[in-house]
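Asks: Mind looking over this structure? Questions follow.
The values are calculated or read from the model by the stated rules, or taken from the named source; none is laboratory data. Computed from a prediction, not measured in an experiment: that's the story for all the values here. When we count neighbours, we look across all protein chains shown, and the Cβ atoms used for this are built from the backbone with ideal geometry, even at glycine.
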Amino acid sequence: MKATFRRLLLLLWLVPLTALASSESPTQAQQQAQAEALMAAQMTEIDNATMPQVPLISSAEAAQAKGSGQADTAGLDPLWQAVRQGESGRTSSTSPFHNNFINQYDPGLLQHRASWLSTTLAMALFGMIIVFAAFVLVNGAAKLEKGFSGREVLRWSKFDIAVHWLMAIPCILLILTGLALMAGRFVFGDWLGPDGVAALAAMAKPIHDYMALPFALFAIIAMLRWMKHNLPAAYDLKWFTVVGGYLNFGPFKGKHPDAGFSNAGEKLWFWSFTIFGLAIIVSGLFMLFPVAMGTGRTDALTAIFVHGLSAVVITGFTVVHVFMATVLSEGGLVNMTSGYCDENWAKQHHNVWFDEIKTDGSIEYKSQ
Ligand code: HEM
C-alpha cells in the first residue's frame, strides 16, 4: 500500500514537469519562426533595393520550351515548373550567366563530343598520317620530270613567308594541344589514367589559349592576301579527274593538268581552311572571352561543338598539306623558305601561272 502511494506521488510530480516541457517547445519554435521571418523580411528589403528582377530563363528560351513541349512541367517541383514556364525571379548572382538558371541545351551534344567527335579528331591526325605515309610509300614522290633547271622564279614575298610560318607554327601547336584537350580524356584516358589526363590538360590549356590569337591574326591576313590566287577556274575540274598528276601509276602516270598560281587541290585546301578557320576563330573567341562576347551556356556548348568539328577538317587537311609540301612534291618546300621555286617546278605544276607571268613580263628570276 505504501509502495502504491509512493508511485502515485511520483506520477503527480511528473505531470507538471511534462507540462513544463511541452509549454517550452512552442515558445522556442515561435522564437525561431520569428527570427526567420525577420531575416526574410530584411533579405527581401535588400533584394528589392539591390537585386535586378531578371527572368530565370530568357523569354526566348521560355517560348521555345513552350513551343517544343518542354514546358510540359507536370510532375516537376512547383519552383522548377514556374521557372520552366518563364517565371521571373531574383538572383544575387553577378555572373554573366545569372539569367540562365536552367541549361536549355541539348545534353546529347556533350555525348556526341565525348564519343565520335573526339575519336574523329584523333583519327584526323593519326589516321591521316598513317594513310598518307602508306600512300607515299606505295606511290613514291612526284618527281620533277626534267629535273631542276637551276633557274629560280619568285613565287612568295618575304611578307607572305613570314605570314605563312607565323600562322602555321601556332596552328600545329593548336592542333596538338586541341587534340589533348578534346580527346585526352575520351580517347587516351584509359592509357593515361586520371592523373595523366589532368597533367596533359594542364600543359595543353595555356599553350592552346596563347597560340589562339597569333593564329587568328595571321590566318586572317593569309586569307585576305591569298584569296586572289584561289578563285575557281574552268580547268580545276580536270585537275581533280587526274588527281593533279601526283599518281605514279596507271592512266594517271605522267599527267600534268593545267593549274594557275594555285592548283585545284590547293584551292580546296585554301577554301576549307578559310571557311573552317573562320568558324574555329569565331567559336574560339566565344570561349576565350565569354564576358566580352556575352557567351551564354548554350552558346558555349555550341561553340565547343563547332570548334571541334572545324578542327577535324583543318587537322585532316593540314596533314595532307604538310605531306604534299615536304615529301610528295619534289622541289615544293623551298617555295616557302626562300620564296623562289625552280622554273621546271613552275612549268610542271603551275603551267598557266608560269605562262602568264612570262607573257606579261612580271616574271622575276633570282639573281645568281
Ligand atoms: C610543317 C608544316 C608546313 C609546311 C612544310 C608547309 C609548306 C607550305 C608550302 C611549301 C607552301 C607553298 C606551296 C606553293 O608554293 O604552291 C605552303 C602554302 C600554304 N600553306 Fe603551308 N606548310 C605547313 C603548314 C601549314 C599550316 C599548318 C597551314 C594552315 C594553318 C598552312 C597553310 C598554307 C596555305 C593556306 C598555303 C597557301 C596555299 C595557296 O594559297 O596556294 N601551312 N605551305
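Asks: Being assigned to a helix (DSSP H, G or I), within 9 Å of the ligand (Cβ to nearest atom) and of a type in the set (S, T, N, Q) is the filter; apply it to segment 317-358 and report the residue that is surrounded by the most Cβ atoms within 10 Å (Cβ to Cβ).
Replies: N335
For every residue, the table says whether it meets (1) surrounded by 14 or more Cβ atoms within 10 Å (Cβ to Cβ); (2) within 16 Å of the ligand (Cβ to nearest atom).
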position	(1), (2)
A180	yes, no
F186	yes, no
G254	no, no
I281	yes, yes
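Asks: Another one. Looking at this structure, is F305 at pLDDT below 95, aromatic (F, W, Y) and under 27 Å from M128 (Cβ atoms)?
Replies: On the way: at pLDDT below 95: yes; aromatic (F, W, Y): yes; under 27 Å from M128 (Cβ atoms): yes.
So F305 fits the description; yes.
Asks: With respect to I314, determine if the residue is within 10 Å of the ligand (Cβ to nearest atom) and of a type in the set (V, I, T). It would help to see each step written out before you state the result.
Replies: Details: within 10 Å of the ligand (Cβ to nearest atom): yes; of a type in the set (V, I, T): yes.
Judged against the criteria, I314 is a match.
Asks: Out of all the residues in segment 150-159, is one or more in the same structural domain as K253 (by TED's automatic domain parsing), more than 16 Å from the ligand (Cβ to nearest atom), surrounded by fewer than 18 Cβ atoms within 10 Å (Cβ to Cβ) and touching a residue at least 40 places away in the same chain (Cβ under 8 Å)?
Replies: Checked segment 150-159: at least one residue is in the same structural domain as K253 (by TED's automatic domain parsing), more than 16 Å from the ligand (Cβ to nearest atom), surrounded by fewer than 18 Cβ atoms within 10 Å (Cβ to Cβ) and touching a residue at least 40 places away in the same chain (Cβ under 8 Å).
Asks: Could you please find all residues in segment 129-149 being aromatic (F, W, Y) and in a helix (DSSP H, G or I)?
Replies: Start the filter on segment 129-149 by keeping residues that are aromatic (F, W, Y), which leaves 132, 135, 148.
Across segment 129-149, the qualifying residues are F132, F135.
Asks: Among (1) part of a helix (DSSP H, G or I); (2) more than 16 Å from the ligand (Cβ to nearest atom), there is one condition W165 misses while meeting the rest; what is its number?
Replies: Status for W165: all satisfied but (2).
Asks: For segment 223-252, give me the residue count where each residue is within 12 Å of the ligand (Cβ to nearest atom) and within 20 Å of V136 (Cα to Cα).
Replies: 1
Asks: Pull out all pairs, ordered by first then second residue, where Cβ-Cβ is under 6 Å, the residues are six or more apart or on different chains, the first lies in segment 298-317 and is more than 14 Å from L179 (Cα to Cα) and assigned by TED's automatic domain parsing to the domain that holds L176, and the second is in a helix (DSSP H, G or I) and at pLDDT 90 or above.
Replies: Sorted first by the residue in segment 298-317, then by its partner, the pairs are D299/F286; A303/S283; A303/F286; A303/M287; V306/A279; V306/S283; F317/W269; F317/S272.
Here's the yes/no breakdown for (1) within 31 Å of the chain's Cα centre (by Cα); (2) at pLDDT below 95; (3) within 19 Å of I281 (Cβ to Cβ):
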site: A202; (1), (2), (3): yes, no, no
site: D209; (1), (2), (3): yes, no, yes
site: L217; (1), (2), (3): yes, no, yes
site: Y246; (1), (2), (3): no, yes, no
site: H256; (1), (2), (3): no, yes, no
site: E266; (1), (2), (3): yes, no, no
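Asks: Right, something else. Would you point out which residue out of F132, F126, F148 is of a type outside the set (A, V, I, L, M) and touching a Phe, Trp or Tyr at 6+ places or on another chain (Cβ under 6 Å)? Before you say what the answer is, go through the steps one by one.
Replies: Working: F126 fails: touching a Phe, Trp or Tyr at 6+ places or on another chain (Cβ under 6 Å); F148 fails: touching a Phe, Trp or Tyr at 6+ places or on another chain (Cβ under 6 Å).
On inspection, the qualifying residue turns out to be F132.
Asks: Write out, first by first residue and then by second, each pair whose Cβ atoms fall under 9 Å of each other, whose residues are 6+ apart or on separate chains, and whose first residue, in segment 281-295, is more than 23 Å from M223 (Cα to Cα) while the second is outside any helix (DSSP H, G or I) and modelled with pLDDT of 90 or more.
Replies: Listed pairs, sorted by first residue: T295/F289.
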